[in-house]
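Have a look at the structure below before the remarks.
The values are calculated or read from the model by the stated rules, or taken from the named source; none is laboratory data. Keep in mind it's a predicted model, so treat the numbers as computed, not measured. Neighbour counts run over all protein chains shown; Cβ positions are idealised from the backbone, glycine included.
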């Protein structure tokens, strides 16, 4: 049986956690707002659906992914940038649908993300960032081995 002191302590702890959560966080459901991006079979088509253009400057983003992935189901991809991007997206050309993820960046947000993606075969991973209406992108080829044989 919980006594009054423990009950009040739990309540105050929950209140402190709720107060620490930023109240201005919001998320955009890009699957609803940009549905064609998620069915695009070419990377350029998906980029155009999300950003409105495919004109991009190469570089400005650090992309890390393995040269060879023995398990195409869980390929680690990480990226970071000093650019003050408002939106950043990840694409790949190894699966039927090219778009992987889209992130809306808060005004003072730090872009240093790590995700795991699935690729059915060898392909290119591309990260695109929107910086004041100008796109920056970087790409990397990831070789996916069949059956995790390493060859």
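May I ask you to verify whether residue 107 is at pLDDT below 95, farther than 17 Å from residue 142 by Cα and out of contact with any strand residue (DSSP E or B) (no Cβ under 8 Å at 6 or more places or on another chain)? Answer is yes for this residue. Considering only residues in the stretch 35-48 that are in contact with a strand residue (DSSP E or B) (Cβ under 8 Å, 6 or more places away or on another chain) and either at pLDDT 95 or above or crowded, with 18+ Cβ neighbours inside 10 Å (or both), the one that is farthest from residue 115 (Cα to Cα) turns out to be 40. Residues that are under 11 Å from the mean Cα position of the chain (by Cα), in contact (Cβ under 8 Å) with a residue 12 or more places away in the chain and surrounded by 13 or more Cβ atoms within 10 Å (Cβ to Cβ) number at least 3 in the following strands (runs of 3 or more DSSP E) confined to the stretch 50-135: 75-81, 87-92, 99-104, 111-117, 123-131.
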